[in-house]
1. Please specify each residue of the range 38-67 satisfying the condition of being surrounded by fewer than 18 Cβ atoms within 10 Å (Cβ to Cβ) and either in contact with a helix residue (DSSP H, G or I) (Cβ under 7 Å, 6 or more places away or on another chain) or assigned to a helix (DSSP H, G or I) (or both).
2. Being out of contact with any helix residue (DSSP H, G or I) (no Cβ under 7 Å at 6 or more places or on another chain), surrounded by fewer than 17 Cβ atoms within 10 Å (Cβ to Cβ), touching a residue at least 60 places away in the same chain (Cβ under 8 Å) and outside the structural domain of LEU233 (by TED's automatic domain parsing): is that true of GLY324 here?
3. Filter the range 35-85 for residues that are among the β-branched types (Val, Ile, Thr) and under 18 Å from LEU125 (Cβ atoms); which is nearest to the chain's Cα centre (by Cα)?
4. Has the range 201-216 got any residue that is in contact with a Gly (Cβ under 6 Å, 6 or more places away or on another chain), surrounded by fewer than 24 Cβ atoms within 10 Å (Cβ to Cβ), assigned by TED's automatic domain parsing to the domain that holds SER49 and without any contact (Cβ under 8 Å) to a residue 40 or more places away in the chain?
5. Could you check the range 362-372 and list, in sequence order, the residues that are of a type outside the set (Val, Ile, Thr) and either buried (at least 21 other Cβ atoms within 10 Å of the Cβ) or part of a strand (DSSP E or B) (or both)?
6. With respect to LEU182, determine if the residue is over 18 Å from SER58 (Cβ atoms), under 22 Å from the mean Cα position of the chain (by Cα) and crowded, with 24+ Cβ neighbours inside 10 Å.
7. Identify, by number, the condition in (1) surrounded by fewer than 19 Cβ atoms within 10 Å (Cβ to Cβ); (2) of a type in the set (Val, Ile, Thr); (3) closer than 30 Å to GLY209 by Cα that ILE275 doesn't meet.
8. Taking helices (runs of 4 or more DSSP H) that fall entirely within the range 92-186, which contain at least 2 residues that are polar (S, T, N, Q)?
Amino acid sequence: MIQRWLGGALLALAVLASPASAQGTGHETLKLDAPKPKLLPTPPMGWNSWNKFACNVSEQLIRQQADAMVASGMQAAGYTYLVIDDCWQKSRDADGNIQPDPERFPSGMKALADYVHGKGLKFGLYSDAGALTCGGRPGSAGHEFQDARQYAKWGVDWLKYDWCYTGPRTPEAAYTIMAKALRASGRDIVLSICEWGNSRPGRWAHPVGHLWRTTGDIWDAWKGKKEWSHGLLDIIDMNADLWAEAAPNGWNDPDMLEVGNGGMTTTEYESHFSIWAMLAAPLIAGNDLSQMSADTRRILTNAEVIRVDQDPLGRQGRRVWREGDLEVWVRTLAGGERAAVLFNRGEQPADMKVTWAQLDLAPRLKAEVLDLWSGRRSRGVSGEYGGQVAPHGVIMVRVTPTP
């Protein structure tokens, strides 16, 4: 989240200038004492509170979402991480230890993490590399090792680390400090880098974090910009050329899913989910899991689309053809298979196709083609495959070469 509450700016500057934050002034050593733990061989799947609930988080809400993740079939589909975003923290105690808001989280974070773990899920929290979080709560600048130890004590599995009120800090240095702190904490914790892609983290973040935001926040809209946030098409375009910067245990993150939050149509949400799978993106749901429509559940638990996202080769897909509002995306999968998306950004239906040349397959090769949304299988296909694509819609297929 990009800075939303400017009222804390003076306080942030004061904290950054204090002796306690001397290690967070942008002059940190970049040496990492331990290798990054191999926690994400495939893109992570889970849920985050921000897109739907923003600062309205509480112990009751998180327990409700954990229950719903299991009951709805999301957990069975592969969703694992349950992450509380900003505004869970309230203050620091006399020793500087970060404290949850006692009114919203009366049982404390250890008890909440235990509840989430008891469901077979993993537990995540949010902090910020600055003196304050984007919501004006205490950040981690100058407290990195202390906070990491606290997170480990609570049983945290994931840290989303934001970039508000960071003053003179540089991203690579600041995130490296937190990476060192997490690795020294005694617990394996995913580091989700959230500096909005400004420093092109895919070029430096592989030794540091497990995933990194490539853009500003997503907005639940087909296109356009709203303050610091971007619509779906804008986010897609900003990620289209970053395919070479992702690999297993280090993923480009185009931000969380908006599926089910009401700002787009069902067709647009299918496109959203399809392109995220082609991008080998983290699938982090951002809706109310306890109030899902049948269509929302159907989209988020589509096993074949998820299978593309989770392909073990870990090679991000690419946009290989574009003409006006029409695009073809391809992704090489393990075992010689391919995935393709025919994407119609326009306002009218369009006849589209993907060619075997675009898939880097021999033109006479025969293949089985599975349409991942309709379930239709076509056997003995060679040369090309296509169909009519709805406005704002996709045809997404898996192409399996056959003898």
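The values are calculated or read from the model by the stated rules, or taken from the named source; none is laboratory data. None of the values given here were measured: they were computed from a predicted structure. Note that we place each Cβ from the backbone using ideal geometry, even for glycine, and neighbour counts take in every protein chain shown.
1. Across the range 38-67, the qualifying residues are GLN60, LEU61, ARG63, GLN64, ASP67.
2. Numbers: out of contact with any helix residue (DSSP H, G or I) (no Cβ under 7 Å at 6 or more places or on another chain): yes; surrounded by fewer than 17 Cβ atoms within 10 Å (Cβ to Cβ): yes; touching a residue at least 60 places away in the same chain (Cβ under 8 Å): no; outside the structural domain of LEU233 (by TED's automatic domain parsing): yes.
So GLY324 does not fit the description; no.
3. Taking the range 35-85 as the starting set, the residues that turn out to be among the β-branched types (Val, Ile, Thr) are 42, 57, 62, 70, 80, 83-84.
Among the residues that remain, those that are also under 18 Å from LEU125 (Cβ atoms) are: 57, 62, 80, 83-84.
Values: VAL57: 19, ILE62: 19, THR80: 13, VAL83: 11, ILE84: 13 Å.
Ranking the candidates gives VAL83 first.
4. no
5. First pass over the range 362-372, keeping only residues of a type outside the set (Val, Ile, Thr): 362-368, 370-372.
Across the range 362-372, the qualifying residues are ALA367, GLU368, LEU370, ASP371, LEU372.
6. On the way: over 18 Å from SER58 (Cβ atoms): yes; under 22 Å from the mean Cα position of the chain (by Cα): yes; crowded, with 24+ Cβ neighbours inside 10 Å: yes.
Answer is yes for this residue.
7. The single condition ILE275 does not satisfy is (1).
8. Numbers: elements: 109-118, 144-154, 171-183.
Filter on the range 92-186 gives 144-154.
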